[in-house]
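K.L.:
Sending over a structure as structure tokens; questions will come in a sec.
The values are calculated or read from the model by the stated rules, or taken from the named source; none is laboratory data. All of these numbers come straight from a predicted model, not from anything done at the bench. Cβ atoms come from the backbone with ideal geometry, glycine included; neighbour counts cover every protein chain shown.
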Amino acid sequence: MGELSTRRLRTDEQGDFFDVFAAAFLDDSLEAAREVCSSTFRAELAHGVFDGDELIGCAGRFDQEITVPGPAQCPLAAVTAVGVKPGHRRRGVLTALMRAQLDALHDGGVPVAALYASEAGIYGRFGYGLASFESHLAVPRGAAFLSTVDVDGRPVREVGRERAVEVVRARYPAVAETRTGWLSRSDGSWEARVLDWPNAHGGHSAPRFAVHPDGYAIYRPKRKWTARGPAHELHVAELVAATPQAYAALWRYLLDVDLVSEVHWRKAALDEPVLGMLANPRAADRRVVDGLWVRLINLDRALMARRYSAPADVVLDVTDRFCPWNQGRWRLRTDAAGSAATVTRTEETGHLSLDVTDLAAAYLGGSTLAGLARSGRVVEHEPGALVTASRAFATDCAPHCQEGF
């Protein structure tokens, strides 16, 4: 084994990138993603670690925006395809990738990065905090709603892909700008991730599209026949609604499709409204898993990008071992409405002590600072500061990202 080196990839190394990605995840089906992603993935935004001339580790990203509490739009590095080739692990390859990527993002002034973690114990040491949760939902066909649920009476219709893409492009942006955790869609990469991503192992059919005047649902049927008859499943890829009534209409449509036994959604929000719409609250089977892991790259820019639910004037004593430019005491001061904040370095005594991972966990409102304090992860030095800061960072709705990357 030779000396390791780290650098940005060249455009002509995109094929090598996908080779390492597929090998690292032990998944030959990812080969099918190569063609799907080739038109939107930019190798020059990725970093690689080389053993001599051999690419043995990779970390890519998409440049997008994410809706943060406010709502407000914040530039985001959507980190993806991080992996190390088998036979080259335990040599510091992942650390080298994270070092190169975070340094580059810091130099570029990017406030925030986010990723989905293949293993939950990996990314905390690089400053990523668990910032949102997802629900794996399964709701039986025909599940009744409460009589008080207001279902938009306008029809839901199935349309073809071409028409559906027009609807998505027209409907998605306005809703996404109001939903904390949702991503922008200016580069077209969402089509590969949502519409065209292969399902080699899932046995799902091609995407189908249910359209309402105020929203849409994208889903994939999974055929299943039993001795008692059909028991197909509908697997929701995305559901977007501009009004609660349209949301109810789309769910009612999905729950009433013939030949179906259950509707599944693996990326539902923690507080998904359909859970409160069911007449029988036990009808839905739900499993909660981790969602987005967030990294505050330039802490001051990140904290000033979002809005706050209550006024605050607190000094945060932050530790950040991997990105030392964030380490130290920062004064977060909002206006009376919490709509604008300033974040400056200070020599004042810290009111709260916490690690950057804990600040990242609270950034989207997915965890509260008070809850983290009960876990021993946030320490209060100034009485009342914890309640003040926790209320300021809290949000009305759980953050949620319904697309993978």
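K.L.:
Taking into account only those residues within segment 327-338 that are touching a residue at least 40 places away in the same chain (Cβ under 8 Å) and of a type outside the set (A, V, I, L, M), which is nearest to T395 (Cα to Cα)?
P.N.:
The selected residue is G338.
K.L.:
While we're here: For the condition among the polar types (S, T, N, Q) and in contact with a His (Cβ under 8 Å, 6 or more places away or on another chain), what is the one hit in S353, S390?
P.N.:
S353
K.L.:
Tell me which residues, restricted to segment 124-157, are in a strand (DSSP E or B), within 23 Å of P273 (Cα to Cα) and touching a helix residue (DSSP H, G or I) at 6+ places or on another chain (Cβ under 6 Å).
P.N.:
Matches in segment 124-157: L130, F145.
K.L.:
Still on this structure, please answer the following. Only residues in segment 244-271 that are among the small types (G, A, S) count as the first member; pair them with residues that are modelled with pLDDT under 95 and assigned to a helix (DSSP H, G or I), Cβ under 8 angstrom, at least 6 apart or cross-chain, and list the lot.
P.N.:
Final answer for the pair search is none.
K.L.:
Any residue at all in segment 398-405 that is surrounded by 16 or more Cβ atoms within 10 Å (Cβ to Cβ), farther than 30 Å from G188 by Cα and modelled with pLDDT of 95 or more?
P.N.:
Looking for residues that are surrounded by 16 or more Cβ atoms within 10 Å (Cβ to Cβ), farther than 30 Å from G188 by Cα and modelled with pLDDT of 95 or more, one finds none in segment 398-405, hence no.
K.L.:
Go through the residues of segment 38-45 one by one and say whether even a single one is over 26 Å from Q402 (Cβ atoms) and at pLDDT 90 or above.
P.N.:
Yes, segment 38-45 has at least one match.
K.L.:
Shifting gears a bit: Residue pairs, Cβ under 8 Å, 6 or more apart or interchain, first in segment 360-375 and at positive phi, second part of a helix (DSSP H, G or I). List them.
P.N.:
Listed by first residue and then by second, the contacts come to G365/F393.
K.L.:
Ok, one more. Identify, from the list A117, A144, A96, A46, the residue that is buried (at least 23 other Cβ atoms within 10 Å of the Cβ) and touching a Leu at 6+ places or on another chain (Cβ under 9 Å).
P.N.:
Testing whether each residue is buried (at least 23 other Cβ atoms within 10 Å of the Cβ) and touching a Leu at 6+ places or on another chain (Cβ under 9 Å) leaves just A46.
K.L.:
Hey, any hits in segment 158-168 for a residue that's in a strand (DSSP E or B), of a type outside the set (D, E), assigned by TED's automatic domain parsing to the domain that holds I218 and over 15 Å from the mean Cα position of the chain (by Cα)?
P.N.:
Scanning segment 158-168, I find at least one residue that is in a strand (DSSP E or B), of a type outside the set (D, E), assigned by TED's automatic domain parsing to the domain that holds I218 and over 15 Å from the mean Cα position of the chain (by Cα), so the answer is yes.
K.L.:
What tally of residues in segment 87-118 results from selecting those that are within 20 Å of the chain's Cα centre (by Cα) and either closer than 16 Å to N326 by Cα or assigned to a helix (DSSP H, G or I) (or both)?
P.N.:
Residues that pass the stated criteria total 8.
K.L.:
Return yes when G121 is in a loop (DSSP other than H, G, I, E, B), among the small types (G, A, S) and either at pLDDT below 95 or not assigned by TED's automatic domain parsing to the domain that holds E262 (or both) and no when it is not.
P.N.:
Judged against the criteria, G121 is a match.
K.L.:
Only residues that are out of contact with any Leu (no Cβ under 8 Å at 6 or more places or on another chain) and either at pLDDT below 95 or among the hydroxyl-bearing types (S, T, Y) (or both): list them for segment 238-265, please.
P.N.:
T243, Y253, S261 - these are the residues of segment 238-265 that are out of contact with any Leu (no Cβ under 8 Å at 6 or more places or on another chain) and either at pLDDT below 95 or among the hydroxyl-bearing types (S, T, Y) (or both).
One line per residue, one yes/no per condition, for (1) among the hydroxyl-bearing types (S, T, Y); (2) touching a residue at least 24 places away in the same chain (Cβ under 8 Å); (3) out of contact with any Lys or Arg (no Cβ under 8 Å at 6 or more places or on another chain):
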residue: D16; (1), (2), (3): no, yes, yes
residue: D28; (1), (2), (3): no, no, yes
residue: S38; (1), (2), (3): yes, yes, yes
residue: E44; (1), (2), (3): no, yes, no
residue: R61; (1), (2), (3): no, yes, yes
residue: A77; (1), (2), (3): no, yes, no
residue: A81; (1), (2), (3): no, yes, yes
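K.L.:
Could you tell me whether segment 295-306 includes any residue that is among the charged types (D, E, K, R), touching a Ser or Thr at 6+ places or on another chain (Cβ under 8 Å) and modelled with pLDDT of 95 or more?
P.N.:
yes
K.L.:
Considering A279, A283, A305, which residue is closer than 30 Å to G404 by Cβ and either touching a helix residue (DSSP H, G or I) at 6+ places or on another chain (Cβ under 6 Å) or assigned by TED's automatic domain parsing to the domain that holds A176 (or both)?
P.N.:
A283
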